[in-house]
1. Among the chymotrypsin sites (Phe, Trp or Tyr not before Pro) within segment 126-226, which fall in a DSSP loop and have no more than 14 other Cβ atoms within 10 Å of their own Cβ?
2. Just to be sure I understand, if you calculate Rg and Dmax of the Cα atoms in Å for this structure, which of (1) 17.3, 54; (2) 17.2, 49; (3) 16.4, 58 do you get?
3. Taking the alpha carbon gyration tensor of segment 97-141, what are the square roots of 5 times its eigenvalues, largest first, to the nearest whole Å?
4. Is it possible to state the helix-based mean residue ellipticity at 222 nm for the chain, with each DSSP H run of 4+ residues giving -39500 (n - 2.57), the sum divided by total residues, to the nearest 500 deg cm²/dmol? What is it?
5. If each Cα of segment 131-226 is one equal point scatterer, what is log10 of I(q)/I(0) from the Debye formula at q = 0.13 Å⁻¹?
6. Each label point is 7 Å from the Cα along the Cα-to-Cβ direction; what then is the distance between the points at PHE213 and ASN32, in nm?
7. Determine, for each peptide in 59-70, 80-91, 13-24, 103-114, the mean count of other beta carbons within 10 angstrom over its residues, then list the peptides with the highest first.
8. From the cross-link list LYS99/LYS157; LYS21/LYS170; LYS21/LYS110; LYS29/LYS66; LYS21/LYS219, which pairs have alpha carbons spaced over 25 Å apart?
Amino acid sequence: MAPLILNIETATTVCSVSIAKGNEIVALKEINNGFTHAENLHIFIKEILAQHKLSVQQLNAIALSKGPGSYTGLRIGASTAKGLCYGLNIPLIAINTLKNMTSMAIQQTKDSSALYCPMLDARRMEVYCAMYDGALNEHTLTEAKIVNEDSVKDFNKEQVVYFFGEGMLKCRFLLEKNPRAQFIEEIYPSSQYMAGLAHEAYLHKQFEDIAYFEPFYLKEFYTNAG
């Protein structure tokens, strides 16, 4: 029987919760209205379980978008996921937020020959980014990168590169200098695109140590930033 997995996405301003049976999403609730995770996350989980007449005891695992992203959002998501996993004695699965976004982009473009570069805003002209191929293999590691006239050359590749995410918007004027750059609008971190990644991790028993797991913050926390 396909596992029932609760997916949680809180790495950015999007608060997103979904339930997947195997690879298929059966319930989704999300909002993008600023950092409202503390108010909405637990309510969303209760609501989608109730709407589909499910109990938390039926869950086989919790999948969490682990970052990079907002320190506060990641911390709230992690504490909720770890609490549920500990209380229910079920495994915790952690998915890279940028890989989750790339899964969404690949499903839209269906271009297996291209590279994909998700970007999240990391203050000023800095972005959290990585690069994946059309099979979701990591082409370059996740990093916090300042994008300027010099560093933008690092994104130039021999094949088409799709750029997407909120971080792309602020440096698009630089990225457009690459003739092989393509841009995808409306790609954001959402729990609905975690289903396939979480299911694969579940089948391969790629679980986190609940006691010691920490989100992938990537950068130090600043008190004046989210």
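No value in this document is a laboratory result; all are computed from the given coordinates. Because the structure is a prediction, the values reported are computed rather than measured. Ideal geometry is used to build each Cβ from the backbone, glycine not excepted, and the neighbour counts take in all protein chains shown.
1. Details: sites: TYR128, TYR132, PHE155, TYR162, PHE163, PHE164, PHE173, PHE183, TYR193, TYR202, PHE207, TYR212, PHE213, PHE216, TYR217, PHE221, TYR222; in loops: PHE207, TYR212, PHE213, PHE216, TYR217, PHE221, TYR222.
Passing sites in segment 126-226 are TYR212, PHE221, TYR222.
2. Correct label, based on the coordinates given: (1).
3. After diagonalising the Cα gyration tensor, the semi-axes are 20, 10, 8 Å.
4. Values: 5 runs with 65 residues, N = 226.
Taking each H run of at least 4 residues, the total per residue is -9000 deg cm²/dmol.
5. -0.66
6. 2.5 nm
7. On the way: 59-70: 25.8, 80-91: 17.3, 13-24: 21.5, 103-114: 15.2.
Packing proxy ranking, top to bottom: 59-70, 13-24, 80-91, 103-114.
8. Working: LYS99/LYS157 19 Å; LYS21/LYS170 37 Å; LYS21/LYS110 23 Å; LYS29/LYS66 19 Å; LYS21/LYS219 34 Å.
Exceeds cut-off: LYS21/LYS170; LYS21/LYS219.
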